[in-house]
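These notes are about the structure you will find just below.
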Amino acid sequence: MTKQVHLAAHFPGVNNTTVWSDPAAGSHIEFSSFVRLAQTAERGLFDFFFLAEGLRLREQNGLIYDLDVVGRPDTFTVLSALAAVTTHLGLTGTINSTFNEPYEVARQFASLDHLSDGRSAWNVVTSWDEFTGENFRRGGYLPQDQRYARAKQFLDAATTLWDSWRDGDVLADVAVGQYLARPDVGSFEHRDSQFDIRGQFNVPRSPQGRPVIFQAGDSDEGREFAAATADAIFSRHAKYADGRAFYADVKRRLPAYGRRRDDLLVLPAATFVLGDTDADAAEIARDVRLQQVSGQTAIKFLEQLWNRDLSDHDPDGPLPQVDPIPGENTVAKGRASVRIHRDPRDVAREWRELASARKLTTRELIVEVTGRQSFIGSPATVAGAINDFVQADVADGFILVPHITPGGLDRFVDDVVPLLQELGVYRTEYPGTTLRENLGLARV
Ligand SMILES: Cc1cc2nc3c(=O)[nH]c(=O)nc-3n(C[C@H](O)[C@H](O)[C@H](O)COP(=O)(O)O)c2cc1C
């Protein structure tokens, strides 16, 4: 059966995907930028708008990292404001389960679901570092297995809160003055190793009942958590072979939780570069990559793996002779890196082999190893490739990360979306009103 393509828009967070130096680049703080990207996504009938989360300014070599943007506003505030200027677009917020409390987060998502008439989604992340944890009362951070244990318990607790109100408990009765039809409305009790809470939840059942749940962990624990509980998974595995392996892996985990293949959508992040011809696009894409990875940025990436000050290293020369320092990263703080899951010395060995085989300078090597899946070509080529990837089970669709904020989706929506529609793999109107309906997910 031909699958339908899902598309979503990722508002750039702090990263070097966005070419901030481009004259067309706008603010990543001003509301008008959020509105522009969201309304373009809605014009393109995208499923949702996506915000990542970073809770502390990143640092490197003891200084604030300022090679891309610094700072970002609060997720719930931005998404609530966007609810007022969009009508069908889902609103997905990345909110971590390590530093927050279930009551507060459940209220925020239920409220967003009301304000948006059923368009809220929660990307449940655990966050990774102690450095970020210093900003919070909880302090420090939990080891990986405990972070996922807490995430599960957090989501269970939030679900208990959302389900403490049932359809029909609510506002319809306001007209006759019966605010609380059920005497125990909203009452809940939840006890486990992380939470011991009981009380009364005060946000009525929202249009979707619960927000759509996303997960973004990549480890075995993260994938199990997604298979057990998530409606969609946001991944970095968008390249063809890697994406197919990831897709098969997470879908294979579903039956153990009594779930079907279609109960979990796989939506990796991908970029794109459009040109009038494939050759044009390839040239623009090369230029974009060089702007994304300046010499200075290449050195910073190198330091994140090497865990050493390499500020004197020449980005246009070979990789450093010295080896990375293993263990805790003391040079780069507040960002995920390839170090999370692998010994940096193994990664360095692979990078050296690649650089030597392809005769790459440090900067060229970093361009190569930090590139994510990018659909590059004329609109027809890009539409065809996205469809091919979806039909081949690399993904169920893509969360697009444009390299220009806020206008980077314009051409995609104008030129690629109509071609996907012509291929018969993309909607010509929103099928439903809630995000759950538009994603084809079962009601809860
Ligand atoms: C694609 C992807 C996107 C993520 N986005 C965020 C984010 O925006 N904010 C955040 O705090 N953590 C984010 N994370 C980190 C996860 O929450 C998690 O802490 C990290 O991946 C380590 O867990 P893991 O070992 O299961 O991958 C992201 C992870 C992945 C794989």
| query | What's the number of the condition GLY295 fails, among (1) more than 16 Å from the ligand (Cβ to nearest atom); (2) touching a Lys or Arg at 6+ places or on another chain (Cβ under 6 Å); (3) farther than 30 Å from GLY62 by Cβ? | reply | (3)
| said: Of all residues being in a helix (DSSP H, G or I) and under 15 Å from THR18 (Cα atoms) in region 273-287, which is least open to solvent (accessible area, probe 1.4 Å)? Just the residue, please. | reply: ALA285
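In this structure, is ALA25 crowded, with 23+ Cβ neighbours inside 10 Å and not basic (Lys, Arg)?
no
If a residue counts only when it is among the β-branched types (Val, Ile, Thr), which strands (runs of 3 or more DSSP E) contained entirely in region 1-116 have at least 2 such residues?
90-96
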| Out of GLU42, GLU30, GLU53, GLU104, sole residue that is charged (D, E, K, R), in the same structural domain as THR126 (by the TED database) and touching a strand residue (DSSP E or B) at 6+ places or on another chain (Cβ under 6 Å) | GLU53
| request: Kindly indicate whether any position in region 127-138 is closer than 30 Å to GLN39 by Cα, within 16 Å of the ligand (Cβ to nearest atom), buried (at least 18 other Cβ atoms within 10 Å of the Cβ) and of a type outside the set (A, V, I, L, M). | output: yes
| request: Look at region 1-18 and say how many of its residues are among the small types (Gly, Ala, Ser) and buried (at least 22 other Cβ atoms within 10 Å of the Cβ). | output: 2
| task | Answer yes if at least one residue in region 151-162 is among the small types (Gly, Ala, Ser), open to solvent by 10 Å² or more (accessible area, probe 1.4 Å) and either on the phi > 0 side of the Ramachandran plot or modelled with pLDDT of 90 or more (or both), and no otherwise. | result | no
| How do the pairs read when you match residues in region 1-20 that are more than 16 Å from VAL78 (Cα to Cα) with residues anywhere that are of a type in the set (D, E, K, R) and away from the ligand (no atom under 16 Å from the Cβ), using Cβ under 6 Å and keeping only pairs 6 or more apart or on different chains? | HIS6/ASP47; ALA8/ASP47
| field | Which numbered condition ALA121 fails, given (1) assigned to a loop (DSSP other than H, G, I, E, B); (2) touching a helix residue (DSSP H, G or I) at 6+ places or on another chain (Cβ under 7 Å) | value | (1)
| note | Of (1) at pLDDT below 95; (2) within 20 Å of ASP113 (Cα to Cα); (3) under 31 Å from the mean Cα position of the chain (by Cα), VAL170 satisfies every one except (3)
| query | Restricting to region 402-444, what's the tally of residues that are open to solvent by 50 Å² or more (accessible area, probe 1.4 Å), within 30 Å of ASP163 (Cα to Cα) and not aliphatic (A, V, I, L, M)? | reply | 5
| Does LEU67 satisfy the criteria of being more than 16 Å from the ligand (Cβ to nearest atom) and of a type in the set (A, V, I, L, M, F, W, C)? | yes
| query | Do we find that ALA52 is under 28 Å from GLN421 (Cβ atoms), buried (at least 20 other Cβ atoms within 10 Å of the Cβ), out of contact with any Asp or Glu (no Cβ under 9 Å at 6 or more places or on another chain) and of a type in the set (A, V, I, L, M) in this structure? | reply | no
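Quick grid of which residues meet (1) polar (S, T, N, Q); (2) under 30 Å from ASP323 (Cα atoms); (3) in contact with a Phe, Trp or Tyr (Cβ under 8 Å, 6 or more places away or on another chain); (4) in the same structural domain as ILE366 (by the TED database):
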| position | (1), (2), (3), (4) |
| --- | --- |
| ARG244 | no, no, no, no |
| ALA248 | no, no, no, no |
| ARG253 | no, no, no, no |
| ALA256 | no, no, no, no |
| ASP262 | no, no, no, no |
| LEU265 | no, no, no, no |
| VAL273 | no, no, yes, no |
| LEU302 | no, yes, no, yes |
| Residue count for region 210-224, restricted to those that are at pLDDT 95 or above and either within 9 Å of the ligand (Cβ to nearest atom) or over 17 Å from GLY93 (Cα atoms) (or both) | 3
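The values are calculated or read from the model by the stated rules, or taken from the named source; none is laboratory data. This is a predicted model, so every value here is computed, not measured. Using ideal geometry, Cβ is built from the backbone for each residue, glycine included, and neighbour counts are taken over all protein chains shown. Areas reflect the complete protein model, heavy atoms only, side chains present, ligands, DNA and RNA absent. Shrake-Rupley method; radii C 1.70, N 1.55, O 1.52, S 1.80 Å.
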